[in-house]
Amino acid sequence: MKQSLQLRTSQHLALTPQLQQSIRLLQLSTLELHQELEQLLIDNPLLERLDDPLDHSLRLLADGAISQQTPAADAAPAEGPATPEAPAAEADNYEAPGADTDSTTPEADMDWGDSGRSKNTDDEEARPQLEAHQCTLRDHLMEQMRVTVLATRDRALVELIIDALDENGYLEESLEDIHARLPAELEVEIEELRTALSLLQSFDPMGVGARNAAECLALQIRRLPGVPMVTRRMALAIVENHLAWFAQRDFNKLKKALVCDDEDLREAQAVIRQCNPHPGAAFASDVSDYVVPDVIVKKSRNGWQVSLNNDVMPRLRVNQMYANLLKQGKGETAMGAQLQEAKWLIKNMRQRFDTILRVAEAIVERQKNFFSHGAVAMRPLVLREIADTLGLHESTISRVTTQKYMLTPHGMFELKYFFGSHVATEAGGEASSTAIRALIVQLTGAEDPKNPLSDSKIADMLGEQGMVIARRTVAKYREALKIPPVSLRKSL
């Protein structure tokens with residue numbers, strides 16, 4: 001085969017670093033975006049954030065005075081000749097709409113008083129705000145043990161059982177297993193552990209130290225004040241012998257087993273409902289998660305108005321001092337690449353929020369009935385419809401609507417919430433699956449507790465409104481909404 005040298009031209013698509021960064025910023029959530037931005041600010045000295053909370057903080061000078069920290073671009077360098085600053089170009093800045101960058105000016109220096117703080121600082125503001133100590137279940141029980149138990153050996157056994165409790169206050173490990181782990185030279189009898197457990201079960205909260213749900217409820221029922229003796233005995237009989245029937249709301253079997261009527265069973269049920277099946281959950285140190293909206297929808301004279309949330313929009317710009325040094329040829333070669341990266345980031349950040357705003361406006365335009373009447377008025381909507389309207393790819397719409405949130409008069413919703421499949425109607429139209437879920441919530445919320453609606457009945461009621469939906473679909477939507485089945489919604 002003869003070898004030859006040929007030239008050939010062709011075209012192909014390639015993802016430039018700028019485009020890759022734009023796609024990455026678009027799919028990040030608000031929290032992930034700020035975490036990414038903090039790392040970029042550390043790596044690139046030519047990038048500045050004007051809304052940094054440390055920009056206007058107070059710092060102690062060498063002579064003992066206090067000065068106000070100003071943004072790096074507004075302050076003269078500590079060493080070397082001062083460089084006159086040129087106005088920042090629009091492409092090199094990204095600020096929230098309506099932001100005033102010149103509203104803060106350095107204040108005069110302040111001296112220290114005898115108390116070691118600024119004279120212009122209030123006592124309450126000077127004290128650091130510390131989080132209150134979280135009292136755990138173990139701390140709560142140990143405090144009661146120190147007051148109640150005097151003998152050292154008894155304290156050690158009670159503390160041993162306290163350490164074996166789970167986060168809900170249950171003793172999952174049997175006393176026999178705990179006894180088997182103890183050294184033989186301690187000569188601890190199993191009866192001593194039972195006595196220590198009984199003492200622990202008398203502590204607050206009621207039901208702590210139980211080995212199962214039935215024992216936990218029984219411990220609480222025995223200590224509830226103001227309960228008639230007959231009702232207390234019936235409630236104890238239910239939780240100790242027929243708890244499964246009670247959980248399944250099989251009231252007919254309960255009435256036959258207890259030989260009682262509806263009124264007696266209703267009183268016993270009210271007593272059981274006063275109990276807490278997870279006594280230790282109140283001492284859990286779980287931190288509530290929350291989200292910050294990316295866009296806000298408000299009612300105006302001209303209709304529904306969509307705006308970006310300025311609180312999540314970082315104000316970025318290029319450090320003009322370093323930029324001027326590069327223009328004068330005094331900067332390093334590597335700083336030129338960092339300058340270009342900073343400009344790319346500012347441009348991509350602006351493009352990210354502009355795209356989110358455009359998508360949000362298109363969603364609001366198509367879901368006006370939802371904002372006026374609620375979820376029951378939601379119309380079917382797919383990603384392709386928004387993509388065709390805005391001239392974007394469907395994958396771009398998917399990135400924009402993932403982990404981005406909209407604050408509306410009806411609550412906080414992820415942008416993906418406004419997209420849903422359709423269900424045919426008898427009139428030949430379409431109904432959104434989100435609207436059907438809202439109707440199911442309304443129907444089950446207004447049902448008779450003594451005669452709740454079955455899935456078939458709900459499907460028939462939706463059919464009367466013109467929505468053709470099968471019973472299996474109703475069951476699927478009901479389970480997605482975490483609504484119990486008809487047997488568990490029935491009450492006396």
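The table below gives the values:
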quantity	calculated
Search result, residues across region 18-33 that are out of contact with any Leu (no Cβ under 9 Å at 6 or more places or on another chain) and open to solvent by less than 90 Å² (accessible area, probe 1.4 Å)	GLN18, LEU19, SER22, LEU26, GLN27, LEU28, SER29, THR30, GLU32
The one condition in (1) more than 30 Å from ASP262 (Cα to Cα); (2) surrounded by 13 or more Cβ atoms within 10 Å (Cβ to Cβ) that GLY411 fails to fulfil	(2)
Top-ranked residue in region 310-369 [being in contact (Cβ under 8 Å) with a residue 60 or more places away in the chain and charged (D, E, K, R); ranked as farthest from SER398 (Cα to Cα)]	ARG317
Contacts under 9 angstrom Cβ, first residue in region 29-52 being assigned to a loop (DSSP other than H, G, I, E, B), partner small (Gly, Ala, Ser) and open to solvent by less than 20 Å² (accessible area, probe 1.4 Å), 6 or more apart	ASN44/ALA342; LEU46/ALA323; LEU46/ALA342; LEU50/ALA73; ASP51/ALA96
Unique residue being among the aliphatic types (A, V, I, L, M), in contact with a Gly (Cβ under 8 Å, 6 or more places away or on another chain) and open to solvent by less than 60 Å² (accessible area, probe 1.4 Å) when the list is ALA470, ALA438, ALA475	ALA438
Conditions (1) open to solvent by less than 60 Å² (accessible area, probe 1.4 Å); (2) closer than 17 Å to ARG266 by Cα; (3) of a type outside the set (S, T, N, Q): number failed by GLU192	(2)
Output for region 157-174, where each listed residue is under 17 Å from ALA214 (Cβ atoms) and at pLDDT 90 or above	ASP166, ASN168, GLY169, TYR170, LEU171, SER174
Residue match in region 161-174 (condition: touching a residue at least 12 places away in the same chain (Cβ under 8 Å), in a helix (DSSP H, G or I) and either within 21 Å of ARG223 (Cβ to Cβ) or among the basic types (Lys, Arg) (or both))	yes
Residue that is surrounded by 14 or more Cβ atoms within 10 Å (Cβ to Cβ) and in the same structural domain as ASP166 (by the TED database), where the choices are ALA281, ALA213	ALA213
Long-range neighbours under 6 Å by Cβ, at least six apart or interchain, first residue under 20 Å from ALA257 (Cβ atoms) within region 209-235, second outside any helix (DSSP H, G or I) and not acidic (Asp, Glu)	ALA213/PRO277; LEU217/CYS275
Qualifying residue in region 354-368 (condition: open to solvent by 30 Å² or more (accessible area, probe 1.4 Å), in a helix (DSSP H, G or I) and among the β-branched types (Val, Ile, Thr))	no
Verdict on GLU267 being farther than 21 Å from SER487 by Cα, open to solvent by 40 Å² or more (accessible area, probe 1.4 Å), among the acidic types (Asp, Glu) and modelled with pLDDT of 90 or more	no
Within region 329-341, tally of residues that are over 16 Å from LEU41 (Cβ atoms) and either at pLDDT 80 or above or hydrophobic (A, V, I, L, M, F, W, C) (or both)	4
Enumeration of residues in region 452-462 that are in contact (Cβ under 8 Å) with a residue 12 or more places away in the chain and open to solvent by 20 Å² or more (accessible area, probe 1.4 Å)	LEU453, SER454, ASP455, SER456, MET461
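The values are calculated or read from the model by the stated rules, or taken from the named source; none is laboratory data. Computed from a predicted structure; not experimentally measured. Please note: Cβ atoms are built from the backbone with ideal geometry, for glycine as well, and neighbour counts cover all protein chains shown. All accessible areas refer to the heavy atoms of the entire protein, side chains included, with ligands and DNA or RNA removed. Shrake-Rupley method; radii C 1.70, N 1.55, O 1.52, S 1.80 Å.
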